[in-house]
Amino acid sequence: MADPTPHDVTGEVVDICRDLIRIDTSNYGSDEGPGERKAAEYVAGLLDEVGITADVIESKPGRANVVARWGGSGSAATAERGALLLHGHLDVVPAAAEDWQVDPFSGEVKDGYVWGRGAVDMKDFDAMLLSVVRARQRAGRAPEREVVLCFTADEEAGGHDGAQVLVEEHAEWFEGCTEAVGEVGGFSTTVRGQRLYLIEAAEKGMAWMRLSARGRAGHGSMLNDDNAVTRLAAAVARIGAHDWPVRLTPTMRTLLATVGELAGVEATPENAPALVEEFGGAARMLGAVLRNSTNPTMLEAGYKVNVIPTDATAHVDGRFLPGFEDEFFSTLAELTGEGIDIDFVSRQPPWETPYDGALVDAMTRSLLAEDPGALVAPYLMSGGTDAKHFTQLGMRAYGFAPLRLPEDLDFTALFHGVDERVPVDALEFGARVMDRFLDEI
């Protein structure tokens, strides 16, 4: 890695992103993968090298997190605001190399992009943050506000071996933290020729469920009115086919009002789906946050075609909007019906942070300083992030990993997708924005 000048916050960002991608941290939802230890040691080394003491905390062998405190010698007014948590995760979802144009763990630079698993989810932000922190530390520009830097394990499987362990067993690291910034937000979309940056201000809750039915085993040729497969299949079909009604939270009302102004219409629940379509490829994510959702994902039953099994199971990925948890679970109970047991593989609450205050102003100003003609608005995230755990400590949370993206890039398709990649100039843009942001906080 070339040694940048102390004031160059972009000089290392591409190299760090490539280095992180080359460290395979695939998370299979179990402890069978490589874990995050090697990546955690790499990150801790980068911080230690510039005089920031970092601790590596393992939840279990190989499942490693990095935490450090930085800055905090500012004014009394800054101290009153408390510390700011900046967090990113080190794990990635698996990748099948045969499906990719390049080796998913090569970190190859091709056609102006850094390619590889984690390029957008979320080793890009880890690299931006580390590049900016290292440059500022070399230049003696630590922020006046105290910052907690945190790089976690296991986010891609719910954070149970990462952020959850840190919150439940190492909460002293976050003492005084009032606000948190992590993924997924700050990226640009284009609506009717206007660039619009989306800041995450809310997340759906998560209910990963295992549905089980038990019936009477028997011969496949005989009558059986207690068939576990039949009962389970009917429940799964009802759940998967249910048409959940549109429900707008405050965050989405604000976003759709912004889009409505561009489209020349007033945003309403009735035209909300049409307004979301204005986002093009991003509509696959934003369309999912207009309503609760239940998607069946796995089925398992039986061992031979002519044997009616005793048990049948299914898994369902349920997501529910902030403020609509009761409606979600009561409707789910009706759809599931009698004779089906529900166990939660993971159940995590939604959250929604008011889109106001000094931190929102800082994010907005830092973006507009680099892209003066843009608009900035909040959005509700369809998936889950480590913010679900950090909000349990009372922090206001936002997703802000700034990227200025080409209009024709289907960015949301790259999350967990084939040929995941991030533009080099977007990485450099994000580093400059984060540098400005740290001046504003």
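The values are calculated or read from the model by the stated rules, or taken from the named source; none is laboratory data. Worth saying up front: this structure is predicted, and the values here are computed from it rather than measured. Please note: Cβ atoms are built from the backbone with ideal geometry, for glycine as well, and neighbour counts cover all protein chains shown. Quick note on the areas: whole protein, heavy atoms, side chains included, nothing else; ligands and nucleic acids left out. Shrake-Rupley method; radii C 1.70, N 1.55, O 1.52, S 1.80 Å.
When you check Glu334 against the structure, is it open to solvent by 20 Å² or more (accessible area, probe 1.4 Å) and either in contact (Cβ under 8 Å) with a residue 60 or more places away in the chain or outside any loop (DSSP other than H, G, I, E, B) (or both), yes or no?
yes
Identify, please: which residue in segment 189-211 is under 26 Å from Glu179 (Cβ atoms) and among the hydrophobic types (A, V, I, L, M, F, W, C) and is, among those, surrounded by the fewest Cβ atoms within 10 Å (Cβ to Cβ)?
Met206
Spot the failing condition for Met222; the list is (1) in contact with a helix residue (DSSP H, G or I) (Cβ under 6 Å, 6 or more places away or on another chain); (2) at pLDDT below 95, and only one is missed.
Failed condition: (1).
Pairs only if they're at least six apart or on different chains, beta carbon under 9 angstrom, first in segment 109-128 and farther than 19 Å from Val9 by Cα, second open to solvent by less than 10 Å² (accessible area, probe 1.4 Å) and among the hydroxyl-bearing types (Ser, Thr, Tyr); list them, first residue then second.
Close Cβ pairs satisfying both conditions: Arg117/Thr25; Arg117/Ser26; Gly118/Thr25.
Based on this model, can you work out whether Val50 counts as out of contact with any Leu (no Cβ under 7 Å at 6 or more places or on another chain), of a type in the set (Val, Ile, Thr) and buried (at least 19 other Cβ atoms within 10 Å of the Cβ)?
no
Considering only residues that are assigned to a loop (DSSP other than H, G, I, E, B) and of a type in the set (Asp, Glu), which ones fall in segment 118-131?
Asp121 - this is the single residue of segment 118-131 that is assigned to a loop (DSSP other than H, G, I, E, B) and of a type in the set (Asp, Glu).
Which residue is surrounded by the most Cβ atoms within 10 Å (Cβ to Cβ), if the candidates are limited to segment 132-147 and must be among the small types (Gly, Ala, Ser) and not in a helix (DSSP H, G or I)?
Of everything passing the filter in segment 132-147, Ala142 is surrounded by the most Cβ atoms within 10 Å (Cβ to Cβ).
Within segment 235-268, take every residue that is under 30 Å from Ala213 (Cα atoms) and assigned to a helix (DSSP H, G or I) and give me the one that is most open to solvent (accessible area, probe 1.4 Å).
So, considering only residues that are under 30 Å from Ala213 (Cα atoms) and assigned to a helix (DSSP H, G or I), the one most open to solvent (accessible area, probe 1.4 Å) is Arg238.
Would you check if Leu321 is closer than 20 Å to Pro296 by Cα and either within 21 Å of the chain's Cα centre (by Cα) or surrounded by 15 or more Cβ atoms within 10 Å (Cβ to Cβ) (or both)?
Against the criterion (closer than 20 Å to Pro296 by Cα and either within 21 Å of the chain's Cα centre (by Cα) or surrounded by 15 or more Cβ atoms within 10 Å (Cβ to Cβ) (or both)), Leu321 qualifies.
Just checking, does segment 96-116 include any residue being closer than 23 Å to Leu166 by Cα and either part of a loop (DSSP other than H, G, I, E, B) or of a type outside the set (A, V, I, L, M, F, W, C) (or both)?
no
Just to verify a result, which residue in segment 160-188, among those that are of a type in the set (S, T, N, Q) and surrounded by 18 or more Cβ atoms within 10 Å (Cβ to Cβ), is nearest to Val229 (Cα to Cα)?
We begin by selecting, within segment 160-188, every residue of a type in the set (S, T, N, Q); these are 164, 178, 188.
Okay, now just the ones that are also surrounded by 18 or more Cβ atoms within 10 Å (Cβ to Cβ), so 164, 188.
Working: Gln164: 35, Ser188: 46 Å.
Top of the filtered list is Gln164.
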